[in-house]
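For reference, the structure is listed below as structure tokens.
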Amino acid sequence: MDHHEVEEIDYMADEVDVLDFVMDDVEADGVVNHVAHDFDVMVTDTSSAQARKGKDIQGIPWDRLNITRESYRRTRLEQYRNYENIPLSGDAVDKNCKQKQKGGNYYEFFHNTRLVKPTILHFQLRNLVWATSKHDVYLMSNYSLMHWSSSSHNLKEILNFSGHVAPTEFVGRFYTDSDFWKRGRKMGKGHGFQLGTVGALGLSVISSVSIVICNKALHSSLSPDRKLIAVVGDHLNGLVVDSSNGKTVASVEGHLDYSFASAWHPDGRVFATGNQDKTCRVWDLRNLSEPVSILKGNMGAVRSVRFSSNGQFLVVAEPADFVHVYETNKNYEKRQEIDFFGEISGVSLSPDDETLYVGVWDRTYASLLQYNRRHKYGYLDAFV
């Protein structure tokens, strides 16, 4: 086992779930109760109406624990260890970068469901939640791809990767790698797709769906016009690549560690990169000499970034506890901070930007958080 693999195991061993901490604290003070045994019964879904009446959005019974939410938050901020490939990259950012102003209120809590239990298969890869509509979400739970309907509250397994994987639906044609490059590239123009290859399986699927599959790179994203690909990975710099020939057309410099996330603004000129140096950096193709904005997190790497479909918001997720929503038309200077406890498996906005989903991984409090877009209906004020 190489040094990098040992580091990963050590990092995962240091992770502390919410229940671990609060129960250790209870037992240390000599308080004997049945909180641990009753948690499966106690912890239930939380609705927006219950949250407005004071219930914790995750169902954590703070009044039954020997620690307050505020104290536990302080402890998490002090003790959470951010994983770094470049030593002290996060400390350097802490010294030189300030966080953007809080106060935005763009999405409001709507529901937390514990029937859905997102999981993380690799601690650095957190793009495991995807909304295809404001009611339909796909996510990974252990080795299964699951579908959750927030309208019917129905959870269904779509695909199980634990054994032999066979598709249940026929989608397009299958080609070997060599066939793809010989035939696929010729077919690609005008057929609405850009494909990579599945190196592990030696297969590629040709269909009307756009797919980019990374090999060695840790994350890539295709520009809205499909002409460019933003590529990030085990390097301080990010790349902008021509999708038609794979040639690098530009690079971006400024991050202090390795990057694991990228996303394009719908205007096709701006893109964002998320890094283990605790920052998301926003870039403009018209001037890549420096970032448009540097968005600093609270305690960990930026593992997932998403622009809203209308370009009004940028959603930035840390590895745990915090999701930030920035308003792009105010130069990213104002943000909403969504605060909870648990590792984040992924974040996703619905295509109409009406719903924001956050996957939370925790042995006790694993759940799917749903936030809905806030709207100002000014015409109703006339009746008040």
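List of remarks:
- The Cβ shell under 10 Å around residue 326 holds other residues with a net charge of +2, Lys and Arg each +1, Asp and Glu each -1.
- Evaluating 6.51 cos²θ - 1.76 cosθ + 1.60 at θ = phi - 60° for every residue in the stretch 230-244, the Karplus couplings come out as 8, 10, 9, x, 6, 7, 5, 9, x, 10, 10, 10, 6, 5, 7 Hz, glycine and proline recorded as x.
- Farthest toward the positive end of the dipole of the stretch 265-384, out of 356, 332, 346, is the Cα of 332, where the dipole comes from beta carbon charges about the Cα centre.
- For residue 342, the residues whose modelled amide H falls within less than 5 Å of its own, excluding neighbours fewer than 5 places apart on the same chain, are 321.
- Spatially, the stretch 296-369 and the stretch 74-132 are offset by 8 Å when compared through their Cα centroids.
- Accessible-area composition of the stretch 98-151, carbon plus sulfur, in percent [1.4 Å probe]: 56
- A straight chain from residue 225 to residue 352 at 0.36 nm per residue would run longer than the Cα-Cα distance by 43.8 nm.
- Derived scalar couplings ³J(HN,Hα) [the stretch 112-122; Karplus, 6.51 cos²θ - 1.76 cosθ + 1.60; whole Hz; x for Gly, Pro]: 10, 10, 9, 5, 8, 10, x, 10, 10, 8, 9
- Net charge contributed by nearby residues that have their C-beta within less than 11 Å of residue 266 (K/R +1, D/E -1): -2
- Long-range HN-HN contacts of residue 362 with modeled amide H, under 5 Å: 367
- Computed label-point distance, nm, for sites residue 88 and residue 125 using a 7 Å Cα→Cβ extension: 3.3
- Residue separation of residue 251 and residue 71 scaled by 0.36 nm, minus their Cα-Cα distance, works out to 60.5 nm of gained length.
- Using a cut-off of 30 Å between Cα atoms, the listed pairs 100/227; 100/376; 117/376; 53/117; 117/330; 53/98 include 100/227; 117/376; 117/330; 53/98 as exceeding that distance.
- A 1.4 Å probe run over the protein chains yields, for the stretch 226-384, 36 Å² of accessible area per residue, whole-number rounding.
- Take each peptide in 272-278, 144-150, 362-368, count the other Cβ atoms within 10 Å of every residue, and average; sorted highest first, the result is 272-278, 362-368, 144-150.
The values are calculated or read from the model by the stated rules, or taken from the named source; none is laboratory data. Keep in mind that this is a model prediction, so the values were computed, not measured. FYI the Cβ positions are ideal-geometry reconstructions off the backbone, even for glycines, and counts take in every protein chain you see. Just so you know, the surface numbers come from the protein's heavy atoms only, side chains and all, with ligands and any DNA or RNA stripped out. Shrake-Rupley method; radii C 1.70, N 1.55, O 1.52, S 1.80 Å.
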